[in-house]
Amino acid sequence: MSMSSKRKRIDNLLQIITYGAASVAVIILSLIVVFVFKNGSGLINLDLITNDYHAQYYNGGIENVTSFSNTPKPNILTEEDYYSLKWGIALTDDIDREGKPIIIVSYIAEDSPLYQMYDKNNLDNDSFAIEVENIVQSIKFYDKDSTLSIYGAQHMINELDAESEFREMVFTSLGGGIRGSLITTLYTIGLTLLFALPVGIFTAIYLNEFAKKNRLTNIIRSMIEMLTGVPSIIFGLMGLAVFVPLTVRYTPADSANILSGSLTLAVILLPVIIRSTEESLKVVPDDFRFASLALGANSTQTTFKVVLPSALPGIMTATLLAIGRIIGESAALIFAIGTAIKDDISIFGKSTTLAVHIWSLLTDEPANIELASTISLIILMIVLILNISVKLLSRSYLKRV
């Protein structure tokens, strides 16, 4: 009884430790998700995804106005929209993605004289016009002080209503978007998988199906496993020393670029893809191989027509892990791609992925926690969608098989 009681206490203790550790892990992960959602959910919108990061600045001038707007305040506007009947424009107070107060154009009447403005920086710009969601920074008058955005939308409308002309209206596009970083991430995913998947999958096929079990193959496997533990920043230094000069020499690139970053990530992902694919090949029953060989197929036909299709769900899982690593990698890409946030994307130019964009926001003074959390939330949603998609594809494939 004594031994049985002691064993029972030990079993209970182990169960408590197991459940406690699992609970702590779940709580920590949940707190991370809650923190990201709480700080970042408020900024998620279509404009964030489609807008450029860098705002375009405009200086609008206007000649003597002879006719003003006669459009009454539309019903779609709220009490927070301050409307100028004279100029046919509505402004509203808002906060930008860095938490600073701004004034946004919420409506422009069709007969607004502001459509007569011209671009003072480019007189040949025929397409110049102020638009809804532009940010008005200031309006400069001839005979009194300028009205600035820090005074609020109501003050700006009142000052504008009191005048029949102005010297200059300074306004910008919204900016602050992640379109460029999102496109860079997609480019990086596509190019990295293009380089890494064929090499990784065929290497795994060789090691598991064709290579003899000897000291050499054991050394190769040990080196592959060792590479999985190498810090990614070391791979970044390798990318800077090898792939950046290589792409500069043989492509139009003149510095770190998306192509060199993708090649660097491909090297990082090779151990993950090789090991995951090899494990997928190992779980395929040997009976499949023997049956294929007994029917007259050779080893190559057996591998590529029987074994490889059976291992496809595992290979898709390896691909998902690779994509998750690509999206979340930042240390290596700081060296191999750069940290310049760009809106015009080229695979031969510098840019930032979503992860590096987060790093750039957190290195600002002060750190932009809200926008960084929003991008983190977008990354989590992308990974979740990819995870669900791979599971559905694997399930559909297994049903057909």
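Of all residues in segment 332-350, which are of a type in the set (D, E, K, R) and under 12 Å from Ile183 (Cβ atoms)?
Hits for segment 332-350 are Lys342, Asp343, Asp344.
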Just give me the residues in segment 245-261 being in a helix (DSSP H, G or I) and either in contact with a Lys or Arg (Cβ under 7 Å, 6 or more places away or on another chain) or under 13 Å from Ser346 (Cβ atoms) (or both), in sequence order.
-> Thr247, Ile258, Leu259, Ser260, Gly261
Within segment 157-175, considering residues that are more than 15 Å from Lys140 (Cβ to Cβ) and in a helix (DSSP H, G or I), the one nearest to the chain's Cα centre (by Cα) = Ile157
Does segment 76-86 include one or more residues that are part of a loop (DSSP other than H, G, I, E, B), more than 30 Å from Leu380 (Cβ to Cβ), touching a Lys or Arg at 6+ places or on another chain (Cβ under 9 Å) and not assigned by TED's automatic domain parsing to the domain that holds Ile382?
-> yes
Filtered residue count, segment 176-192, keeping only those that are closer than 17 Å to Asn51 by Cβ and either hydroxyl-bearing (Ser, Thr, Tyr) or not in a helix (DSSP H, G or I) (or both) | 6
Set Val306, Val284, Val230: member being over 17 Å from Ile337 (Cα atoms) and in contact with a Phe, Trp or Tyr (Cβ under 9 Å, 6 or more places away or on another chain) = Val306
Just checking, how many residues over segment 363-401 are more than 13 Å from the chain's Cα centre (by Cα) and either under 18 Å from Thr184 (Cβ atoms) or not in a helix (DSSP H, G or I) (or both)?
-> 8
Which one of these does Thr66 not meet: (1) out of contact with any Ser or Thr (no Cβ under 6 Å at 6 or more places or on another chain); (2) over 29 Å from Asp161 (Cα atoms)?
-> (2)
Among (1) in contact with a Ser or Thr (Cβ under 7 Å, 6 or more places away or on another chain); (2) touching a residue at least 40 places away in the same chain (Cβ under 8 Å); (3) under 29 Å from Glu365 (Cα atoms) - the single one Ser138 does not satisfy | (2)
Scanning segment 138-158 for residues that are crowded, with 18+ Cβ neighbours inside 10 Å and not hydroxyl-bearing (Ser, Thr, Tyr) gives Ile139, Ala153, Met156, Ile157
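Take segment 195-229 and flag every residue that is in contact (Cβ under 8 Å) with a residue 60 or more places away in the chain and within 22 Å of Leu333 (Cβ to Cβ).
The answer is Phe195, Ala196, Leu197, Val199, Gly200.
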Would you point out which residue out of Gly88, Gly60 is closer than 20 Å to Ile130 by Cα, free of Cβ contacts under 8 Å to residues at least 40 places away in the same chain and of a type in the set (Gly, Ala, Ser)?
-> Gly88
Can Ile268 be described as among the β-branched types (Val, Ile, Thr), part of a helix (DSSP H, G or I) and over 25 Å from Leu392 (Cα atoms)?
-> yes
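Give me a count of the residues in segment 317-333 that are out of contact with any Leu (no Cβ under 8 Å at 6 or more places or on another chain) and surrounded by fewer than 22 Cβ atoms within 10 Å (Cβ to Cβ).
5
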Within the set of pairs 6+ apart or on separate chains, which have a first residue in segment 249-264 that is surrounded by fewer than 24 Cβ atoms within 10 Å (Cβ to Cβ), a second that is among the polar types (S, T, N, Q), and C-beta atoms under 6 Å apart?
-> Ala253/Thr247
Just to be sure, is Ala196 at pLDDT below 90, assigned by TED's automatic domain parsing to the domain that holds Leu380, closer than 30 Å to Gln301 by Cβ and in contact with a helix residue (DSSP H, G or I) (Cβ under 6 Å, 6 or more places away or on another chain)?
-> no
Could you please let me know if Ser276 is surrounded by 13 or more Cβ atoms within 10 Å (Cβ to Cβ), modelled with pLDDT under 90 and over 20 Å from Thr217 (Cα atoms)?
-> no
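The values are calculated or read from the model by the stated rules, or taken from the named source; none is laboratory data. Everything numeric in this text was worked out from a predicted model, so none of it was measured. Note that we place each Cβ from the backbone using ideal geometry, even for glycine, and neighbour counts take in every protein chain shown.
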